[in-house]
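Taken together, the values in this text are just the output of simple stated rules run on the coordinates, not laboratory data. Predicted model, so just to flag it, every value in this text is computed and none were measured. Here the Cβ positions follow ideal geometry from the backbone for every residue, glycine too, while neighbour counts run over all protein chains shown.
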Amino acid sequence: MNLRFAHCGDFHLGYDFGYLPPQKAAARQADLRVAFFRTVRETLKWDAQVFLISGDLFDTPYPSDRDVEIVSKNLSHLSKKGVRCFAIPGNHDPMHPKSVWSRSEIARYAHLFHGDLAAELAQENIDALNLTIAGIPWDSKDAFRPPLEEILTRKLHLSDRSILLFHGSEAALASEHPAFREHPFEADDLKRLPFGYVAIGHYHKPMDVARWSGGAACYSGSPEGLRFSDHNLGERSIVLGELDERGHLVRLERKPINARIMKTLSYSAGDGTTADDWFRAIDDMRDPDTLLRVRVPKQNGTQQRRAEVLLSALCSDFFYLDIVWESPS
């Protein structure tokens, strides 16, 4: 019998959305909670036996009681349906004695991988499923240590089916942001690991990192966009997968999750576009569930006032429309 799993992460429950007006920020925080509920619902529809959280479930190690309650109730529901949950802490919700991972209402329903990777690879064997789940927890003391080097040289004792969870940065991402230099790894190293699937967190854009015969490694991405950065834009998803009895990955797909989509547009001075052009382009994107940031060159005198009036008329047609006026360089 094949084994099915659902892979998610980077929900960042409790993120403050400080760039939004208070009511909009509260709505987006609710979106994150709904995204977690939708993920659990899709996990059950997929008939998954295993639920994987690859870090940063919370935006802080001290989330609100409301967010803890939402997670606890949903994990309890999975448990009652026979789904086993496995998680690792991320850089935003690291493990320590007083963090959320120590709370009984979370620990009761999720197996959390923690400990010193230098000593051993934390793993859990589920004989009934012929499955080993291993996890590399976030190391706050040494965020720039390559997480895979410790295990590439070891002989691992795994079941026929095996999955690895970790939270880190694929080397090609380092140029995007300083945070993507933390816990670095090379995509080719993943192919040397004896796992049928590697569930990665930290990067918010859904992305297949590596594929090999019988296996794959993926970033699930954040189920809702958080900021107007490239890796937060567009459709968000979770990963649904299936391993055969030999541990080979035989199916992998993404299920869209997000309630609202983040997008950007950008225009430059001297590119020949006018306020009328911007208005038409934005008008074509009207959607009450879209957050849109548009960068446009600042105009002179009455042209600027006319452009402001023209574009402000579209604000009510979006969940959030942000016009950034940029002075010509």
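Figures for the structure shown
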{"item": "Long pairs among K98/K255; K45/K263; K45/K81; K81/K255; K205/K263; K24/K45, criterion Cα-Cα beyond 23 Å", "result": "K98/K255; K45/K263; K24/K45"}
{"item": "Relative contact order computed over segment 275-329 (Cα-Cα under 8 Å; 6+ residues apart), in percent", "result": "51"}
{"item": "Positive-end residue of C218, T302, P63, charge dipole of the chain with Cβ unit charges", "result": "P63"}
{"item": "For L165, residues with placed amide H under 5 Å, excluding near neighbours", "result": "A134, G135, I136, A199"}
{"item": "Within a Gaussian network of the chain (alpha carbon springs, distance under 10 Å), most fluctuating of A110, A269, A143", "result": "A269"}
{"item": "Gyration tensor (Cα) of segment 41-184, equivalent ellipsoid semi-axes in angstrom", "result": "24, 21, 14"}
{"item": "For segment 291-302, Karplus couplings with θ = phi - 60° (6.51, -1.76, 1.60), whole Hz, Gly/Pro x", "result": "9, 10, 10, 10, 9, 9, x, 5, 9, 10, x, 5"}
{"item": "5 angstrom amide H check on R293, placed H, neighbours 5+ away", "result": "K263, T264, L265, D322"}
{"item": "10 Å-binned pair-distance histogram of the chain (Cα, whole percent)", "result": "6, 25, 30, 20, 11, 6, 1, 0"}
{"item": "Counted charge near G201, where neighbours are those whose Cβ lies closer than 9 Å (Asp, Glu -1; Lys, Arg +1)", "result": "-2"}
{"item": "Radius 12 Å from Cβ of L57, net charge of other residues (Lys, Arg +1; Asp, Glu -1)", "result": "-4"}
{"item": "Sequence of T153, T132, T290 once ranked by neighbouring C-beta atoms within 10 Å, starting from the fewest", "result": "T153, T290, T132"}
{"item": "Proximal lysines relative to K155, as straight alpha-carbon distance under 26 Å, when same-chain residues fewer than 8 apart are discounted", "result": "K141, K191"}
{"item": "Mean projected area (nm²) of the alpha-carbon convex hull when segment 261-326 is viewed from all directions", "result": "3.9"}
{"item": "Sequence-distant residues sharing a close amide H with I238 (under 5 Å, placed H)", "result": "K255, I257"}
{"item": "Relative contact order (percent, whole number), the chain, Cα cutoff 8 Å, 6+ residue spacing", "result": "15"}
{"item": "From phi via Karplus (6.51, -1.76, 1.60), per-residue ³J(HN,Hα) for segment 230-244 in Hz, x at Gly/Pro", "result": "3, 7, 10, 8, x, 5, 10, 7, 10, 10, 10, x, 8, 10, 7"}
{"item": "Centroid-to-centroid separation of segment 65-144 and segment 201-237 [C-alpha atoms, Å]", "result": "20"}
{"item": "Antiparallel DSSP beta bridges within the chain, as percent of all bridges there, nearest 5", "result": "35"}
{"item": "Sequence of F5, F279 once ranked by neighbouring C-beta atoms within 10 Å, starting from the fewest", "result": "F279, F5"}
{"item": "Contact order normalised by residue count of segment 200-329, Cα under 8 Å, 6+ apart, percent", "result": "18"}
{"item": "Candidates L57, L314, L129, ranked by Gaussian network fluctuation over the chain, Cα under 10 Å, top entry", "result": "L314"}
{"item": "Distance between modelled label sites at S79 and R246, nm, 7 Å Cα→Cβ extension", "result": "3.7"}
{"item": "³J(HN,Hα), Karplus 6.51/-1.76/1.60, whole Hz, each residue of segment 134-147, x for Gly, Pro", "result": "10, x, 10, x, 5, 9, 5, 6, 9, 5, 9, 6, x, x"}
{"item": "Antiparallel content of DSSP bridges confined to segment 70-203, in %, to 5", "result": "25"}
